[in-house]
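Scroll down for the structure; my scribbles are underneath it.
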Amino acid sequence: MKHHLLIIVPIVILLTSCNNQPKTLAETNSSADPTLTTENNRQGLVTTCYMGLIGKDTMLLQVRRFDNVATGELSYLFREKDRQTGEFDARIIGDTLIGEYIFDSEGTSSSRQIAFLLKGDTAVEGYGEVEEKNGGMVFTDLKKIEFGKGLNLNKVACPN
């Protein structure tokens, strides 16, 4: 994943000059109790980690953000089901992360579009209608993504 940052950072400088787009996704409300926060700021790069629990299942999100672009890792650690772990490249529109998530599950590599509302000390996964496009699943309409049904992930200390 480190090699992604070497490619992303020069592109970020170019993109930030022309990527001042207004937020186009519907406003949502989310509430969660914040936990520990770790943000490492090195020359504009901010790393933030989030975690959510559903019963005995865990969801982990690490976002490395530089202006309006981000990379990171996302893991769905299901106790009695196949786990999904992978990396994403994304852009930030307002307070919303939209990206391509490439993950492994059951020994197979797949890709799908992801969306997270990053608000305060939470990250809420977005859901919406999807379709297959170029071998991966993508949202049919970014304006119709719903965040109210998603799991609230709370900020946590990032692993060293």
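Do the conditions hold for V138, that is, is it in contact with a Lys or Arg (Cβ under 8 Å, 6 or more places away or on another chain) and part of a strand (DSSP E or B)? Considered against the rule, which asks whether it is in contact with a Lys or Arg (Cβ under 8 Å, 6 or more places away or on another chain) and part of a strand (DSSP E or B), V138 comes out as yes.
Taken over region 101-119, the criterion of being surrounded by fewer than 13 Cβ atoms within 10 Å (Cβ to Cβ) and under 20 Å from Q62 (Cα atoms) is satisfied by S109 alone. Close Cβ contacts (under 6 Å, 6 or more residues apart or on different chains) running from residues in region 53-71 that are of a type in the set (D, E) to residues that are not in a strand (DSSP E or B) comprise D57/F78; D57/R79; D67/V12; D67/T16. Being under 9 Å from the mean Cα position of the chain (by Cα) and more than 23 Å from P159 (Cβ to Cβ) holds for only one residue in A115, A90, and it is A115.
Of the residues G72, G148, the single one that is at pLDDT below 95 and under 25 Å from T47 (Cα atoms) is G148. Checking each residue in region 118-135 for being part of a loop (DSSP other than H, G, I, E, B) and either closer than 23 Å to Y50 by Cα or at pLDDT 95 or above (or both) picks out G120, D121, G126, G128, E129. Among the candidates V138, V156, the residue that is among the β-branched types (V, I, T), closer than 19 Å to C49 by Cβ and in contact (Cβ under 8 Å) with a residue 12 or more places away in the chain is uniquely V156.
The values are calculated or read from the model by the stated rules, or taken from the named source; none is laboratory data. The shown structure was predicted, so the numbers you read here are calculated from the model rather than taken from an experiment. Glycine gets a Cβ as well: all are built from the backbone with ideal geometry, and neighbour counts include every protein chain shown.
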